[in-house]
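To start, the structure under review is shown below, and the notes come after it.
Please treat every number below as a calculation from the coordinates, not as lab data. It should be emphasised that the depicted structure is a prediction, and the values quoted were computed from it without experimental measurement. Note that each Cβ is placed from the backbone with ideal geometry, even for glycine, and that neighbours are counted across all protein chains shown.
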Amino acid sequence: MSKMTVEVVTPERVVYSGQAEMVIARGLQGEIGIMPNHVPLVTPLKTAPVRIKTEGDKEVKMAVSGGFMEVRGDKVTILAETAELPGDIDVERAKAAKERAEKRLAEKYAELDVKRAERALQRAVARLDVAK
Amino acid sequence: MAKGIREIRRSIKSKKDMRQITKAMKMVAAAKLRRNQDKAEAARPYADKIQEVIASIASGNSGSKHPMLQNRPVKKTGYIVITSDRGLAGGYNANILRRVVNTINEKHKSKDEYGIFVIGRKGRDFFSKRNYPLLEEVTGLPASPAFADIKKIAGAAVQMFENEQIDELYLCYNKFQSAISQIPTVKQLLPLEAPESNNARELNYEYEPSSEEVLADLLPKYAETLVYSALLEAKASEEGSRMTAMGSATDNATDMINRLTLSYNRARQAAITQEISEIVAGANAQA
């Protein structure tokens, strides 16, 4: 199977760089799978896990928030505010953040607080999913 | 020399202690400068990529309608001022603050016309003591700040622009030229100037869901990235400035120690000479 180059970049550093057969991410309108020779594409990403299939069954999972993806020929670039590999994730902290966010959502505050709690919840869920 | 031998000796000792401190600070600053430069380097791919994508959208016909790219009549101006938390960095804070105050005095007549977002304790103290209108402040940033550290202030500034609470936004920081030269800079951040696109590599992207929405998502990120890279540059400038200041302080201390040692030896010599002549005079008187 042909391969493409995948790079995941945050403002601080290049988090991941390598070859892959397929990249699966969640765009604004649902899951998108990118394979080599995809048409050039730019899309914002939701806060969710990104799966990079490197070879056969092997895949790398990453929790990505505030990002977007650029596809160009045989190169996929994901730019994100945060991107964490399973090893970088503090599971306890993510669990605590999830509970906190759920509690806040249950209480219902003003509009802005709900949005913030929702975002926090998404981040926590994505992290937990990746860390599993 | 009017001073006694003992005073000179004490003064030499204290200068030596001081020199040790400034020397250590200089070396710490050099190490931090190095780290910040690496960090600025690491941040570049992200900024370049965002810029590239925005350029290719904006060069298409639909792009330039976004409010962040459009000039509108200016009723209120925002300034993001980046200073340090700690002093002993030569003219670092004084230079940028003077530059900002001059700009404000030139452009504005009343305090309603502008607001300041300040980063760093030195700047905060300066502006709040003089009753400048502060909109937001961030202090106590680590020596090598992460993107999340300034997200709050950058996000707030961009948000205020989108809500039309401010109509333009300037970024004020010390631009890093080299370890010995930093230039106080006031740069327009918003409305954004659409980055020039490189026509040779023009690609027809597909945008999902649409180019306008992608642009609306990317532009605030781009603005925040610009703030972050300015911050990294300012931090490098700070350490560079501190390194130079501490370097010259160390040199000055060495000079002073040399001069004091000379006068210490002279005084000692004079005391010995005087003692000898007193003994000789005493011996002569006996004979």
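Which residue is nearest to the chain's Cα centre (by Cα), if the candidates are limited to the stretch A:81-108 and must be surrounded by 14 or more Cβ atoms within 10 Å (Cβ to Cβ) and assigned to a loop (DSSP other than H, G, I, E, B)? The residue in question is A:LEU85. The residues on offer are A:VAL15, A:VAL39, and the sole one that is within 13 Å of chain B (Cβ to nearest Cβ), of a type in the set (Val, Ile, Thr), outside any strand (DSSP E or B) and surrounded by fewer than 19 Cβ atoms within 10 Å (Cβ to Cβ) is A:VAL39. Test B:THR225 against the criterion of being of a type in the set (S, T, N, Q) and either surrounded by 13 or more Cβ atoms within 10 Å (Cβ to Cβ) or not in a helix (DSSP H, G or I) (or both), and give yes or no. Spelling it out, B:THR225 is indeed of a type in the set (S, T, N, Q) and either surrounded by 13 or more Cβ atoms within 10 Å (Cβ to Cβ) or not in a helix (DSSP H, G or I) (or both). The residues in the stretch A:19-30 that are part of a strand (DSSP E or B) and either touching a strand residue (DSSP E or B) at 6+ places or on another chain (Cβ under 8 Å) or touching a residue at least 12 places away in the same chain (Cβ under 8 Å) (or both) can be counted, and the count is 8. Within the stretch B:203-216, the set of residues being in a helix (DSSP H, G or I) and either more than 7 Å from every other protein chain (Cβ to nearest Cβ) or surrounded by fewer than 18 Cβ atoms within 10 Å (Cβ to Cβ) (or both) comprises B:SER211, B:GLU212, B:GLU213, B:LEU215, B:ALA216.
If only residues of the stretch B:217-253 that are of a type in the set (Lys, Arg) and in contact with a Ser or Thr (Cβ under 9 Å, 6 or more places away or on another chain) are counted, the one that is farthest from the other protein chains (Cβ to nearest Cβ) is B:ARG242. All conditions but one from (1) more than 14 Å from chain B (Cβ to nearest Cβ); (2) more than 12 Å from the chain's Cα centre (by Cα) apply to A:VAL6; the one that does not is (1). Could you list, in sequence order, the residues of the stretch A:4-18 that are free of Cβ contacts under 8 Å to residues at least 60 places away in the same chain and touching a strand residue (DSSP E or B) at 6+ places or on another chain (Cβ under 8 Å)? Matches in the stretch A:4-18: A:VAL14, A:SER17, A:GLY18. May I ask you to say which residue of A:GLY33, A:GLY67 is free of Cβ contacts under 8 Å to residues at least 40 places away in the same chain, surrounded by 22 or more Cβ atoms within 10 Å (Cβ to Cβ) and in contact with a strand residue (DSSP E or B) (Cβ under 8 Å, 6 or more places away or on another chain)? Just one listed residue meets the conditions, A:GLY67. Of the residues B:PRO67, B:PRO73, the single one that is loosely packed, with under 13 Cβ neighbours inside 10 Å and not small (Gly, Ala, Ser) is B:PRO73.
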